[in-house]
């Protein structure tokens, strides 16, 4: 005879952390929290969300890394101005897809990105082309951080 609990799967820890993150973001949104406003304390969140301290702290680390909250030892947690969607959705998607799916995604990206490059060349102004030509020179003479920032700027403009 099988026990009823043998038929139930444990909740993966990552899902719990994601859920806590979503609930805190939702709380900030519903309360129309202003940047810099103090957020509820850890004890209140543990009681309200019915979660453990380690799970809550893991979620707070995610929120802090993305700037959605700011923590200060002895002072508490404060609402930040970060945008969680930029980091969590691509990360969550990448964790869910298998190696085979990743290969297919890279193949599709290669096709799409080549066509986007062709469109970019066709639509570029003389000023755009001049700017692109000068970027490698600037990147070569800068620090790693500045080089990385220049690369991101090139990709997003």
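The values are calculated or read from the model by the stated rules, or taken from the named source; none is laboratory data. Bear in mind the structure is a predicted one, so any value in this text is a computation, not a measurement. Virtual Cβ from ideal backbone geometry, glycine too; neighbours counted across all protein chains shown.
Just give me the residues in segment 38-51 being part of a loop (DSSP other than H, G, I, E, B) and surrounded by fewer than 12 Cβ atoms within 10 Å (Cβ to Cβ), in sequence order.
41, 50
Every residue in segment 65-83 that is surrounded by 15 or more Cβ atoms within 10 Å (Cβ to Cβ) and touching a residue at least 12 places away in the same chain (Cβ under 8 Å), please.
66, 67, 68, 69, 77, 78, 79, 80, 82, listed by residue number.
Only one of these is in a helix (DSSP H, G or I), at pLDDT 85 or above and farther than 14 Å from residue 24 by Cα: 54, 94, 148. Name it. Talk me through it step by step, then tell me what you get.
Values: 94 fails: at pLDDT 85 or above; 148 fails: at pLDDT 85 or above.
Of 54, 94, 148, the one residue that is in a helix (DSSP H, G or I), at pLDDT 85 or above and farther than 14 Å from residue 24 by Cα is 54.
Given 78, 106, which one is at pLDDT 65 or above, in the same structural domain as residue 29 (by TED's automatic domain parsing) and within 21 Å of the chain's Cα centre (by Cα)?
When all the criteria are applied, what remains is 78.
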